[in-house]
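So the structure is just underneath, and the comments pick up after that.
The values are calculated or read from the model by the stated rules, or taken from the named source; none is laboratory data. Here the structure is a predicted model, which means the values were calculated and not measured. Neighbour counts run over all protein chains shown; Cβ positions are idealised from the backbone, glycine included. Surface accessibility is based on the protein's heavy atoms, side chains included, excluding ligands, DNA and RNA. Shrake-Rupley method; radii C 1.70, N 1.55, O 1.52, S 1.80 Å.
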Amino acid sequence: MQIVIIGSGNVAYHMAKSFTLNGISLAQIFGRNEKELNKISEELHIPYSAEQLKDADLYIICVSDTSVEEVSKLITQKNCLVAHTSGSLPKEILAGDYRKASFYPLQTFSKSKDLEYGKIPFFIEAENEEDKKILFKIASEISENVMESSHEKRKYIHLTAVFACNFVNHLFSRAKEISDSQEIPFEYFLPLIDETVQKIHEIEPKMAQTGPAVRNDKRVLQLHEQLLQDESLEIYKTMNHSIQKMYEL
């Protein structure tokens, strides 16, 4: 099977790397950023092009959500399967006369960070059973966790991921701003962060909650509010309100 990955960003890089490491041959990686394509090609030994899209049996589109529809128009073959990797878009966003699918890896991707691909969940959706089997087979060669998911379910998977990843990372950034303002090395907080994450591998997040809000410690809550201002103060109040509402305090 001839497989082409379209894109040159974080997702495209890791999809190409996960395929290559698991012995899945790629005919080409295609995109508009020739400099990044060249880097990926040199590392993974995959042919690349920023001009000519190669004919293939399967195209996997790894671009931003806002670009998926336009990029999908570049594929003019009719007898091929095309899948995007978006968590929020329906497969119908693909704008060509070909078989359509989604191939969604649930992970946060950065080119500078190695990943354990075998632990990344993949969510598959296709128009027919045969295409579903094709994508399941490919994903199963990479990961131990491959599931079918409708677009409706995938929207909630993506929403959950935003809460569990994007929002949490933003709180890390805000926390670092506070520690930096007082010249406290942020590295001192990494054991606390690691323990917090490790804890929810063993118990329910709701059962793991600690801190002044769940204890309804008004003195500490008021003290913290006096130390904050602007957006961080609003975040602090909103988070504490949400915690206390969850625990009916």
All lysines inside 19 Å of residue 218 as judged from Cα atoms, apart from same-chain residues fewer than 8 positions distant: 237, 245
Beta bridge orientation in the stretch 79-150: antiparallel %, DSSP, nearest 5: 40
Antiparallel DSSP beta bridges within the chain, as percent of all bridges there, nearest 5: 20
Protein accessible area in the chain, 1.4 Å probe - carbon and sulfur %: 52
Difference of contour (0.36 nm per residue) and Cα-Cα distance, residue 209 to residue 38: 56.9 nm
Cα-based reach from residue 100 at 21 Å (exclusive), listing lysines while leaving out same-chain residues under 8 positions away: 54, 73, 78, 91, 132, 133, 137, 153, 155
Neighbour net charge for residue 249 - beta-carbon separation under 13 angstrom, K R +1, D E -1: +1
Table column - 3J(HN,Hα) (Hz), the stretch 66-76, Karplus curve with 6.51, -1.76, 1.60, x for Gly and Pro: 5, 9, 4, 4, 5, 5, 4, 6, 6, 8, 9
Environment charge at residue 115 (Cβ cut-off 14 Å; Lys +1, Arg +1, Asp -1, Glu -1): +1
Euclidean distance between Cα centres, the stretch 183-203 to the stretch 97-135, Å: 30
GluC sites (Glu not before Pro) restricted to the stretch 170-249 and DSSP loop, no more than 16 other C-beta within 10 Å: 183, 202, 248
Distant-in-sequence amide H partners of residue 6 (H built 1.01 Å from N, under 5 Å): 30, 60, 61, 62
Heavy-atom accessible area per residue - the stretch 64-215, 1.4 Å, Å²: 62
Placed amide H near residue 81: partners under 5 Å, 5+ positions off or other chain: 58, 59
Computed magnitude of the charge dipole of the chain (debye, nearest 20; Cβ of K, R +1, Cβ of D, E -1): 280
Translational diffusion coefficient (Stokes-Einstein; Kirkwood radius from C-alpha pairs) of the chain at 25 °C, 0.890 mPa s, in µm²/s: 119
Cα gyration tensor, the stretch 8-57 - rounded (a/c under 1.5), prolate or oblate: oblate
